[in-house]
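A short worksheet on the structure shown next.
The values are calculated or read from the model by the stated rules, or taken from the named source; none is laboratory data. What you see is a predicted model; the values in this text were computed from it and never measured. Ideal geometry is used to build each Cβ from the backbone, glycine not excepted, and the neighbour counts take in all protein chains shown. Calculation scope for accessible area: heavy atoms of the full protein, side chains included, ligands and nucleic acids excluded. Shrake-Rupley method; radii C 1.70, N 1.55, O 1.52, S 1.80 Å.
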Amino acid sequence: MIRIFRSVARVLTPGDRLFLGGILVLSLLTAAVEVVGVGGIFWFFNLVVDPQAAEQYRALAWLKETLAVPGDKEFLTVTGLLVLGVFLFRILVSLTLVLTQDAFGLSRIHLFAERLLARYLNRSYEDFLALNSAALNKNLISEVPRFVNGVLLPCVQLVSHGIIAGAIGTALIVYNPKTSIVVIAVIGAIYGALYLATLGPERRFGSLRAETDEGRFKIATEALTGFKEIKVFGSEAEYGARFAQVSKRFVRYELIHKLLSQVPHYVLEGAAFAVLMTLMLVSLRHAVDPAAVVAEVSLYAFAAYRLMPSVRSVASSLAEIRFNEAALAIVGDELRPDPPSFAQERQSQAEAPTFRDGIAFENVSYTFPERSAPAIDAVSLFIECNSAVGFVGATGAGKSTLVDMLLGLIEPGTGRVLVDGRPLDGNSRVAWRARTGYVPQHIFLADDTVARNIAFGCPDDRIDMARVKEAARLAHIADFVETELPDAYATMVGDRGVRLSGGQRQRIGIARALYREPSLLVLDEATSALDAETEAAITESISALTGKVTLIVIAHRLSTVSGCSTVHLLDHGRLAASGTLDELSRADAGFRRMMELNRMEDAGR
């Protein structure tokens, strides 16, 4: 448990610890009120059985003298009202403690999920590519609440209810050391045996639960993302069966946990009742004054009544912590309280490198972690500012990898990328990306309005509708949006733009890049999903930007790069040739074959 407490402590911020300090104070107050309440009931029953008991106990004698109560019946009434007041106050303090713990747990779910998302979004592009999106969604939506409700809050309840149980137990030992130690030792030994017996199974089934939960998320994500293909290939039953198999195992492990966590409660209740009955029978057998035995047993009975909820909470908390320990292992390291903030990233944009001369690749190479052959191999070239440059080559030639370096998404394994002679490194990459526009082959659209998708990532109060409409006009999507969509730019596009055609989605993606008014515009097979007429119109609009922005065009159709002043041919990660289209066609046989294939493709369109 000490290891778990240390792991949890590393997750907490100073604000979290301050909140927990308030819970600790409330726990101590609750424990004190519980002890006073248990003692008050004992004294009250003693007065009921023997009105002269006020003379036997110092506390009662002091209270009677302080309150100056004249008669025994009056003192009994006053004592009863005081006990009632203590218990009403206990209810208020206990309710405050419960609500404070609940508020702590719910607020931590929000804050931890926010921190975890910040961790994921601030990962490097290379690291993110190695992650599974379904697993990330599961961690955010499932594992964070499970960590809070199954580890963090049980740790808090373990401490708070442990304080209450310890206070009541200490009071009993002070009152009757011999009997109380025997009772506590017997019940403690029983629970200790149960704890050790369930420790291993709880941890094992907790790990299995985490694995099956990840399986559920993966299958569900695949099924919903690949819905069209599943319908076409008639794979509904197969995916349904796969999900059901994993989901049944998940439910089974949860049920086993419920069983293992509930058994100790009932065993402890039975043991406490058996010990109490044994204590009463033995005491009555040897007692000279049965009334005193009844009063003492009433003390233990009421103490057990107040003690058992705390004992049950301690036992339940230990079971929850063991079962959900896997959640701590999954998200604990990611929840460190010092993620780079989005504000810091935006602030760093002020450090963007100047861009007046050009971009230089100096002998850059890059190899993906899972591959042996380099994706980019010793490439050196220069891109002049405000020029239009094309990259062509077969699939896998390294075009997109080279552009990812240019965008600051990946760092070269060797060599450097320089902007105006300044290395594009960790301190400037975020700021540099803010000055670029990027249009990939497959556009991501959020389930939002057309305007918000064009002004992607911009807060509503900062969206410039004039710029939105101008970007849409340049991308040849304005007429469609303004005349055919029911709410124009306020029309919802659906999940991943499902209500739009592939070409329409692509043009919104181009409008998104142009909305940013970039200094560098990268088109990564951006027009490959468009028909020839629309491609020609967009290419003409983009060509009008020549001299105003730096254009990087990646394409497999040579017509797309016809307006580029320089075209670079890549082959297996190497720079095979550079020049104009005419120069490349005269100098490179591989480029001539590519031109012939393009003519055949264009003829078939």
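Things worth noting here:
- All positions within the range 438-459 that are open to solvent by 60 Å² or more (accessible area, probe 1.4 Å), over 23 Å from the mean Cα position of the chain (by Cα) and within 15 Å of residue 503 (Cα to Cα): 441, 442
- Every residue from the range 488-498 that is open to solvent by 80 Å² or more (accessible area, probe 1.4 Å) and in a loop (DSSP other than H, G, I, E, B): 498
- Entry remark, the range 548-561: residues being assigned to a loop (DSSP other than H, G, I, E, B) and modelled with pLDDT of 75 or more number 2 in total.
- Here the condition is being among the small types (Gly, Ala, Ser) and open to solvent by 50 Å² or more (accessible area, probe 1.4 Å); of 94, 133, it holds for 133 alone.
- Scanning the range 148-179 for residues that are farther than 22 Å from residue 28 by Cα and either part of a helix (DSSP H, G or I) or at pLDDT 80 or above (or both), we see that the one that is most open to solvent (accessible area, probe 1.4 Å) is 178.
Here is a yes/no grid of residues against (1) part of a helix (DSSP H, G or I); (2) under 35 Å from the mean Cα position of the chain (by Cα):
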residue	(1), (2)
471	yes, yes
476	no, no
480	yes, no
486	no, no
500	no, yes
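- Matching residues in the range 127-143 - criterion: being over 17 Å from residue 206 (Cα atoms) and modelled with pLDDT of 80 or more: 136, 137, 140, 141
- Residue in the range 182-211 that is nearest to residue 320 (Cα to Cα), counting only those that are charged (D, E, K, R) and open to solvent by less than 70 Å² (accessible area, probe 1.4 Å): 202
- Taken together, 115, 123 contain a single residue that is outside any helix (DSSP H, G or I) and not acidic (Asp, Glu), which is 123.
- In the range 460-481 there is at least one residue matching the filter, namely being loosely packed, with under 13 Cβ neighbours inside 10 Å, more than 19 Å from residue 550 (Cα to Cα) and basic (Lys, Arg).
- The number of residues in the range 186-236 being more than 16 Å from residue 141 (Cβ to Cβ), part of a helix (DSSP H, G or I) and of a type outside the set (Ser, Thr, Tyr) comes to 30.
- You will find that of 267, 293, 282, the residue that is modelled with pLDDT of 75 or more and either at negative phi or assigned to a helix (DSSP H, G or I) (or both) is 267 and no other.
- Across the range 2-28, the number of residues qualifying as open to solvent by less than 70 Å² (accessible area, probe 1.4 Å) and within 14 Å of residue 168 (Cβ to Cβ) comes to 1.
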